[in-house]
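This report refers to the structure that appears directly beneath it.
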Amino acid sequence: FPSISLGWRLDNESFMKDAGWITSLKLRAGIATVGNAAVGPYTTLGGLQGLYYTYGAAAQLGYVPSDPTAANPATYPDQNLGWEKTTQTNIGLDFSLFKNRLSGAIDVYKTNTKDLLLNRAINAVNGYNAILTNIGATSGRGIDVTLSSTNITNRNFTWTSTLNLSATKEKIDLLSNGKLDDLANLWFIGQRIAVYYDYDQAGIWQTSKEDMDEMAKYLANGQTFRPGDVKVVDQNKDYRIDAQNDRVLRGHSQPNLVTGLTNDFTYKNWGLSIFIFSRSGFTVATGAESLQGRFAQRELDYWTPANPTNSYPSPNYNSAAGDVYRNAMNYQDGSFVKIRNITLSYNVEGATAKKWHMQNLKLYVQALNPGLIYSGVTW
C-alpha cells in the first residue's frame, strides 16, 4: 500500500532567525493507504465443524458447515472477501518553545475507509444468521494534540505537565445497498457505526387526569399501558407504539473527545504523579432498570401511587423481565472525568542504596482509579 510524507523544518529558515522564543518548529504532511485483513484462516471458504453421527454400533465423526449443536450456525462464507482499505491524510506541527519549556505536536487528519470488514445480519432462511463481508464506506476526521510543559523548576522543586487530547468524528457514507439505511444491522447513512436505536421515554405514566385521558387513546388502539409504566414517546403521534415508526437514534458508544492530563511534582527525593483521564460526547446503555427480583437492581425508589416518581417504573408482576419498554430508560450521557492514577515515590540516595548493595532504589505507593471527579451517569 502506498504512502508519502513531507516535512519542513521552519526553524532552519532565514525568516525565522529573529524568533528567539522558538526552539524548534516542523511542519509535516502525509497521505497513506493501509489495509486490514483481520479475518481468521479459511474464513472465505467456510469452516467445517465436527459432528458425531450414529452408524450401526459406533459413532462416526462427520462434518457439516454449522455449529455441532446446530443451535448457533456458523458465519456464511464470502468467497469474494477482500482487504479493508483506509486512506488517511494528515497535517501536523511539531514545536518546542521558550527553550523547551513548552513542547508538543498537533495533528489534523481525515480518513476514508472502503470495503469495511463487518459481520452483517442476514435472513435466517439461508441457514445462517450472519456473513462476514466487505460493506460500504466510512469517513472521519479528527485532531490529536500533545502538550508538555515545565511549569516550575528550581533547585529543590519541579512541576511538569503533559496533556493529551484526541477528538474524532466518523460517519457511514455508503452501505452494501447504496445510500439506504440498514435497520437490521443498525447502520445509518451519516451516522457512526456503533449507535443505539431504541424508543425514547418521557418519564412514567401517572394517575393524573391528563395522563389517564392520554393513556385511554393508546388503550383504544390495543396498547396495554397502566400508571407506573414507562411513557414511551410516540414519534408519529398515531397513538400506537411500534418499532417501525417510533424508534429513534439515542446516541453512540464512541466518545467524541478523549483527554488525559498528567502532573508530575518532585521535591528533593520525593515525587508525586497524578493522572486525570476523561471521555465525553458518548452514550452508555446502563441496563438493570427492569427491577428483576433481588439482582440487577440499583434503586428501590420505583413508582407507586404514593410515590409518583418519574425515574423508575413500577414492578411488573406479570413479567419476569419487567416493563416491556424498560430499555427506553437505559440511555445516559456517559461523559466522565476520573483520577486514573496517583503515585507517591521516594528515591533513596545513592550512598544509602549502596549500603544495601544496590545502585538505585525507589520506593513508591500507587492508587489506581481512586475516584471520579465527574460522571454523567446516575447509578
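What follows is calculated from the coordinates using simple rules that are stated; it is not laboratory data. From a predicted model like this one, the values you see are computed outputs, not experimental measurements. Here the Cβ is made from the backbone with ideal geometry for all residues, glycine too, and neighbour counts use every protein chain on show.
Some notes on this structure:
- C-alpha long axis of helix 209-219 to longest principal axis of the chain, angle in °: 60 degrees
- Measuring between alpha carbons in the structure, the pairs from Lys169/Lys338; Lys114/Lys179; Lys171/Lys231; Lys110/Lys169 lying more than 20 angstrom apart are Lys169/Lys338; Lys171/Lys231.
- Taking Thr343, Thr86, Thr146 as the candidate residues, the one with maximal mean-square fluctuation in a Gaussian network model of the chain, Cα springs under 10 Å, is Thr343.
- Calculated [θ] (222 nm, deg cm²/dmol) that DSSP helices of n ≥ 4 give over the chain, each run adding -39,500 (n - 2.57): -1500 deg cm²/dmol
- Ordering of 326-335, 349-358 by burial proxy (mean other Cβ atoms within 10 Å per residue, highest first): 326-335, 349-358
- The computed Kirkwood radius over Cα pairs in Å for the structure shown corresponds, within [x] 25.8; [y] 23.4; [z] 27.1, to [z].
- Candidate lysines for bridging to Lys354, where Cα separation is under 20 Å - those fewer than 8 sequence places away on the same chain excluded: Lys268, Lys362
- Each residue, Ile91 and Val233, gets one label point 7 Å from its Cα in the Cβ direction; the gap between the two is 3.8 nm.
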